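The block underneath contains the structure these notes are about, expressed in structure tokens.
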Amino acid sequence: MDHDLTELTADELLSEQCRSYFSSLNGLHESLRSDEAIGLLSLNQSFDMSKEFRQFHPVVQALLGIVLDDPETSDYHVLICATPLKGMVLYLAHDGDSRIVFETLEGFLAAAVKAKQIDDYVSEQHPNAALLAEDQAALRDLLSSLRLRGNADDIIPALVPSLDLSEPEFLINLIGEDFVIGEAIASQIAARPKAELLPVAEFCERHPHMIVRKAGSVARARILGSKGASL
């Protein structure tokens with residue numbers, strides 16, 4: 001008997017989307033469903049693994065995640081059930097490079113099918129940059145609440161790539177003295193340099209932790225060297 005997904009999603013619409021997704025898996029060729037390098041989970045496998053992960057993994061706990069695959073690489077794709085990122089798919093990487101990579105379950109499944117066709121991993125089908133949250137104000141509110149947690153630096157870096165970096169003061173406050181969050185934000189500024197982020201990069205350069213200072217220096221250099229930056 002299949003599990004009731006509403007227990008995980010707490011949202012009937014998202015539960016219906018999940019049911020549709022898992023039903024579509026049944027229609028896929030057995031070679032894809034059984035491919036260990038793709039690692040797609042059935043509904044019951046996903047339910048059980050998600051319940052387990054919610055017991056110990058801070059990102060899955062905070063985002064009310066549903067684990068979608070297990071390619072035995074210690075990296076997973078996770079459906080987010082928490083507002084404001086509900087319905088998006090996060091790549092949960094063991095090396096710390098976690099980020100949102102698909103807008104929908106359908107996008108994730110299409111990437112899995114393509115990966116099978118070209119004999120590759122789903123992770124190789126990711127976009128070059130993380131997807132931005134549609135509601136940036138709500139994402140900032142979520143990050144502010146997560147910042148109060150004792151394990152904030154385990155969760156926030158996975159969501160920083162989905163910020164549009166439009167609020168420098170917010171970024172500075174989010175960093176504070178946390179070197180993990182500071183490095184994550186400085187790295188994103190280096191990847192997406194713009195003049196208005198110079199105060200954030202300079203804040204990072206003055207950070208108590210050397211890792212953030214180095215990342216801040218890189219970010220500042222990228223801003224100063226970016227084409228069209230008017231400083």
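What the table shows:
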{"item": "Cβ-Cβ FRET estimate between T73 and E196, R0 fixed at 41 Å, reported to 0.05", "result": "0.60"}
{"item": "F102 long-range amide H proximity, modeled H, under 5 Å", "result": "V89"}
{"item": "Shape category assigned to the range 102-148 from the gyration tensor of Cα positions, a/c cut at 1.5", "result": "prolate"}
{"item": "Charge tally in the Cβ shell below 13 Å around E12, where Lys, Arg are +1 and Asp, Glu are -1, E12 excluded", "result": "-2"}
{"item": "Distance from the range 131-175 to the range 5-28 (C-alpha centre basis), Å", "result": "28 Å"}
{"item": "Size-normalised alpha-carbon gyration radius of the range 126-231, reference 2.2 N^0.38 Å", "result": "1.00"}
{"item": "Size of charge dipole - the chain - debye, nearest 20, with Cβ of Lys, Arg +1 and Asp, Glu -1, no other charges", "result": "980 debye"}
{"item": "For G65, distant residues with modelled amide H under 5 Å away", "result": "C81"}
{"item": "Percent of C-alpha pairs per 5 Å bin, the range 54-173, short to long", "result": "2, 11, 22, 25, 19, 11, 6, 3, 1, 0"}
{"item": "Highest-MSF residue in the chain out of F102, F56, F170 [GNM, Cα springs under 10 Å]", "result": "F56"}
{"item": "Lys, Arg +1 and Asp, Glu -1 on Cβ, resulting dipole of the range 92-185 about Cα centre, debye, nearest 20", "result": "180 debye"}
{"item": "Kirkwood estimate for the range 1-70, i.e. one over the average of 1/r between Cα atoms, Å", "result": "12.6 Å"}
{"item": "Sum of -39500 (n - 2.57) over DSSP H runs of 4+, divided by residues of the chain (222 nm, nearest 500)", "result": "-14500 deg cm²/dmol"}
{"item": "Positive-end residue of L171, Y21, A158, charge dipole of the chain with Cβ unit charges", "result": "L171"}
{"item": "Against the rule of thumb 2.2 N^0.38 Å, how large the Cα Rg of the range 54-120 comes out", "result": "1.09"}
{"item": "Count of lysine pairs in the chain with Cα separation under 27 Å (8 or more residues apart, or interchain)", "result": "6"}
{"item": "Extension gain (nm, one decimal) between H3 and R206, 0.36 nm per residue minus Cα-Cα", "result": "68.0 nm"}
{"item": "Solvent-accessible heavy-atom area per residue, rounded to whole Å², over the chain at 1.4 Å", "result": "49 Å²"}
{"item": "Charge dipole (debye, nearest 20) of the range 135-231; +1 at Cβ of Lys and Arg, -1 at Cβ of Asp and Glu", "result": "400 debye"}
{"item": "Ranked packing of 208-221, 150-163, 26-39, most packed first, by mean Cβ within 10 Å", "result": "150-163, 208-221, 26-39"}
{"item": "Cα-based Rg of the chain normalised by 2.2 N^0.38 Å, two decimals", "result": "1.08"}
{"item": "H29-S123 pseudo-label distance in nm [points 7 Å out on the Cα-to-Cβ vector]", "result": "2.5 nm"}
{"item": "Label-point separation, E106 to A37 (7 Å along Cα→Cβ), nm", "result": "2.8 nm"}
{"item": "Inter-probe distance in nm under a simple model that places probes 7 Å from Cα toward Cβ, at Q45 and A93", "result": "2.4 nm"}
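The values are calculated or read from the model by the stated rules, or taken from the named source; none is laboratory data. Owing to the predicted nature of the structure, the values given are computational and were not obtained by experimental measurement. FYI the Cβ positions are ideal-geometry reconstructions off the backbone, even for glycines, and counts take in every protein chain you see. These accessible areas exclude ligands, DNA and RNA; they are computed on the full protein's heavy atoms, side chains included. Shrake-Rupley method; radii C 1.70, N 1.55, O 1.52, S 1.80 Å.
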